[in-house]
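See structure below.
The values are calculated or read from the model by the stated rules, or taken from the named source; none is laboratory data. The structure presented is a predicted model; accordingly, all values stated were derived computationally and were not measured. Cβ placement follows ideal geometry from the backbone for every residue including glycine, while neighbour counts extend to all protein chains displayed.
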Amino acid sequence: MKRTLIAVVLLLLCSLSLPLEAQEGEGLNVALEKYNQAFRSKDVETVKSLLAADVLLYEHSVRNDGLEDVFENHLKPEITEFQDLELDFSDVRITAGPDLALVTRQYRVRGKLGERAIDATGNETMVWKLVGGDWKVVHIHYSHPCPRPPAAPK
């Protein structure tokens, strides 16, 4: 009887903890896809809702700190000014813990900014944090190829 009770308790504990872990993992994937779709469809309010209050964004020498700075001075202008935006991701890697996750991926963005055609590739690193039960972006870092100086003459 005692062994049966212990087995039942262990089984219940396992069944309770497994769905919670799965929900957190799925929650992150859902939040990431929601961010991607919002970016593609120019849904700036959804993008903003997925950013943490203390979000920090780096792109080469640019540093945006805090929700208003990141959103108003970086993401919102990029999203709204792009025309015919196409955004693809590859080599997506997610390392997630119970309340913090690292997402790295390569991106390709195509479209127009004003009259200028854009076809760019680069790398993106995002850190997501579980805040009040919702996954929020706390850090973004974009890097893309820099022009190399011409090779020195031989």
Search result, residues across segment 114-142 that are of a type in the set (Asp, Glu) and either crowded, with 17+ Cβ neighbours inside 10 Å or outside any strand (DSSP E or B) (or both): Glu115, Glu124
Count of residues meeting criterion [assigned to a helix (DSSP H, G or I) and either more than 13 Å from the chain's Cα centre (by Cα) or surrounded by 18 or more Cβ atoms within 10 Å (Cβ to Cβ) (or both)] in segment 49-64: 0
Residue identified as of a type in the set (D, E, K, R), exposed (fewer than 12 other Cβ atoms within 10 Å of the Cβ) and not in a strand (DSSP E or B) among Glu68, Glu45, Glu72: Glu45
Failed criterion for Leu32 (all others in (1) surrounded by 12 or more Cβ atoms within 10 Å (Cβ to Cβ); (2) at pLDDT 95 or above; (3) not in a helix (DSSP H, G or I) hold): (3)
Check on Ala96, within 20 Å of Gly133 (Cα to Cα), in contact (Cβ under 8 Å) with a residue 12 or more places away in the chain and surrounded by 15 or more Cβ atoms within 10 Å (Cβ to Cβ): yes
Qualifying residue in segment 75-85 (condition: in contact with a strand residue (DSSP E or B) (Cβ under 7 Å, 6 or more places away or on another chain) and in a helix (DSSP H, G or I)): yes
